[in-house]
Structures are given as C-alpha cells and as structure tokens.
1. Of everything in segment 304-323 that's touching a helix residue (DSSP H, G or I) at 6+ places or on another chain (Cβ under 6 Å) and open to solvent by less than 10 Å² (accessible area, probe 1.4 Å), which residue is farthest from residue 241 (Cα to Cα)?
2. What number goes with the only condition from (1) in a loop (DSSP other than H, G, I, E, B); (2) surrounded by fewer than 18 Cβ atoms within 10 Å (Cβ to Cβ); (3) of a type outside the set (A, V, I, L, M) that residue 291 does not pass?
3. Scan the strands (runs of 3 or more DSSP E) fully inside segment 179-285 and keep the ones with 2 or more residues being more than 15 Å from residue 142 (Cβ to Cβ).
4. Can you tell me which residue in segment 67-79 is farthest from residue 44 (Cα to Cα), limited to those that are loosely packed, with under 14 Cβ neighbours inside 10 Å and either modelled with pLDDT under 70 or over 21 Å from the mean Cα position of the chain (by Cα) (or both)?
5. For residue 146, are the conditions met, namely being open to solvent by less than 20 Å² (accessible area, probe 1.4 Å), outside any helix (DSSP H, G or I), modelled with pLDDT of 95 or more and in contact with a Lys or Arg (Cβ under 8 Å, 6 or more places away or on another chain)?
6. Against the definition (of a type outside the set (Gly, Ala, Ser), closer than 29 Å to residue 333 by Cβ and modelled with pLDDT of 70 or more), how does residue 35 come out, yes or no?
7. Can you tell me which residues in segment 192-218 are touching a Ser or Thr at 6+ places or on another chain (Cβ under 8 Å) and more than 17 Å from residue 165 (Cα to Cα)?
8. Residues that are without any contact (Cβ under 8 Å) to a residue 12 or more places away in the chain and either open to solvent by less than 10 Å² (accessible area, probe 1.4 Å) or of a type outside the set (A, V, I, L, M) (or both): does segment 152-165 have at least one?
Amino acid sequence: MSRKLYKKKKEIYGKIYQTIQHPLKSVVHQKLIRQSKLKQVASKESIIRFGKREQYQPDLGRHEWIVKHCGTRGPQTFPRPFTCIIDDAKLVGSYPIPLTNSHRCPLDAIGTEDTFNLNLLFSLKSIPGEARSYLSKDSFDVDLGFLMYDYWSSGYFHWHFDNLIQLRGLEAFESTTGRRPKLIVPPDLSDWQQESLEIMGYDEDDLVRWEPPLGTVEELVVVTNQRPRPDSVRWLRQSLDITNVDQPSNSRIYVSRSDADRRRVLNEEEVMACLSQYGFDKFVPGNHTVRDQIRTMKNAEVVVGPHGAGLTNILHCPEDTNILELLPKSDPRRHFFDLANKLNLDYSCCLCDDSGTDLVVDVEALHQELQEVLDDS
C-alpha cells in the first residue's frame, strides 16, 4: 500500500471515528461501567482479589523522543486487581460488546474505550448483513464464560497484551472457586492463537467460538484490565515459558518484517550486511510457530528489529537482553519501550526515515548505535 493511499484510508477512518466520538462520549459512554464502579454491578460474593497494588515508573534514560512524541508519564499506580461475575450478561455485535441487565457495558471485559469504540463501530457496519440475525432469538448460550475476542484480537501484539494477559485473573478465579470458565474466542481462531492457548494449558474443550451477533452468558467472568501492569507482564512471560527444549545457538537476532505489508525495512540487505558483521541472524517470526518464536528469544542477548508485532517476542528474552528498535521518525511509539522496562531489558532505539508506510534505516547510525549497545553489554 502506498503512503498516499494509506494516509487517505487513515484520514477517512479518522473522520468517521471523530464523527462518532462525541456522540459516543455524550450518549453511549454514559453506559460504560468503569473499574471504580464495577464492584457495584457485580455479584457481591463473586469478587476475588489477587496480586497486589503496584507502581510503575519508566526509566526514560537517554530517550528524549519519548517525552517529545509521547508526552511525559509520571509514576503509574495500579490498584490491587480482582475478578468478578456479571450475571445474565448479553453479548451484542460482530465484535461482541457485553451488557448487563441494565444495558451497561463493563469496560474491563473489553479493555479500553478505544477497543469499545472499534467494537461498536465495526459491529454497526455489519448490521445490514446481519439484520435478520439481530431479529432472531439468541443462538449463542454459555453458562460460565470469559470473553477473549475484540477488534484487535487478530494482531499478535494485541492478542498477547489485551487477551492472553487477562488469563492471569482467570487463573486466580479457577484456583479459588474450582470452576473453569469457557473462553469465548474469535470465530476464525488462528493456528497461532490456538497454539498460544495450548501452551498456557487451554485445549479445544475449553474454547467456544463466538457466533455473532447475539448471545447470552449466564455468568460472565470479568477481570480488571491487566495490560499495563508490570507484574502481569512478567506473569505472561512465565505462563508462556517452554522448558526442556533445545535453544538456538545464535544469541544475536534481527527480527524482520519482510513478510508484512507495511513497516518493512526497504534497505534490509544493507542492514543485514551491517548486522552480519556483528554476528546477527535474520528471523522472520511469521514463518515460525509460536513455540519456535519463544525458543529463539529465550537465548537472545541482542535483538534488533523494526516496530511491529514481531517484537512482541521480546517478552521471552532473559533479563538484561539488549533491545534495539528501529522506529519511524514520523510516528514513534512507546509500546516496546514500556515492555522492555517492565521486563528489565536494556532498551535503545534508532529513529528512521519514512518511505511510504515503510522504513529506510541510516546504516551508519545503526553501526554507531550497535557499537554503543555492544560496548555496554
């Protein structure tokens, strides 16, 4: 996709989003149940606390671009997390939105306002094709369930840090109650999604695939949002750990996006010529199973790669692994900076020029950054 076409598409969806944003906030968002009010609508005896109150202060170090492009972020305090049950919940939409008896949505069951907006927007978009289904009785009925499907679920990063990470609360629920909820997963659950669930101990019998657009869950388990919590990130790393496996011999990895349609490194041959001098191997995550991706990262000492889903796998790196992210100057994001901080990894970045939706790396700057990284390791 050309940069011009990508910008046009982004502009159109941006206008749609901005058009609905105010009505959503003024009308629909009044129906959102935020975490501070969640206990008031949950079944009182169902509340289970786990973990502890936690504070996170990112180490900005020499990363001035974080402040410049992403704003400052002081210490974040996370209250003690909990799980609870919403009785007689309805699920509505092609990307299901959970509703209570009073037609309000517990936001933690979805994650964030942005996810709620996108679930709603794309569910509304699908109504013409599903009109008859909306007029029929519920065909989807689960006794005890946990929602693991939203607009972002098909993305590797979001699947890990919006969906899988929530299973920490479900683990606490099951160990306390002895009850195992069904996981409500995408209707087109991919092989890699299923493999990640298998690694965490969930098989086909634990899953039920969403059948849009209407459903009922007699007891919907809700877990307070775990994504930003450092202790939950570390829990996820441990839960996806693979033991008793042979590890790759090379500990210097270049994570390539050569199989993607954007955020590719256009001068990757030059980049690999540079990296090969330092003993790096090229690794394309999309060509490998989840287990292979975990194995590759478990032995890493230095990881280099462009911003994108493949860097999700730094989750499996040992502490003090050096991470060098290749970021677009026009739109640097802090996802992997924060992830590295929470996992005690050594993070650095190299800001790159844009070419359409892709990157062009300054190879000389990469040389210099690598020398600094390797001298410090």
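The values are calculated or read from the model by the stated rules, or taken from the named source; none is laboratory data. Bear in mind that the values here come from a model prediction, so they are computed numbers and not experimental data. Reconstructed Cβ throughout: ideal geometry from the backbone, glycine too, with neighbour counts over all protein chains shown. In case anyone asks, the SASA skips ligands and DNA or RNA and just uses the protein heavy atoms, side chains included. Shrake-Rupley method; radii C 1.70, N 1.55, O 1.52, S 1.80 Å.
1. The selected residue is 305.
2. Every listed condition holds for residue 291 apart from (1).
3. 252-255, 281-283
4. Among those residues, the one meeting the criterion is 68.
5. So residue 146 fits the description; yes.
6. Spelling it out, residue 35 is indeed of a type outside the set (Gly, Ala, Ser), closer than 29 Å to residue 333 by Cβ and modelled with pLDDT of 70 or more.
7. 211, 212, 213, 214, 215 - these are the residues of segment 192-218 that are touching a Ser or Thr at 6+ places or on another chain (Cβ under 8 Å) and more than 17 Å from residue 165 (Cα to Cα).
8. Yes, the conditions are met somewhere in segment 152-165.
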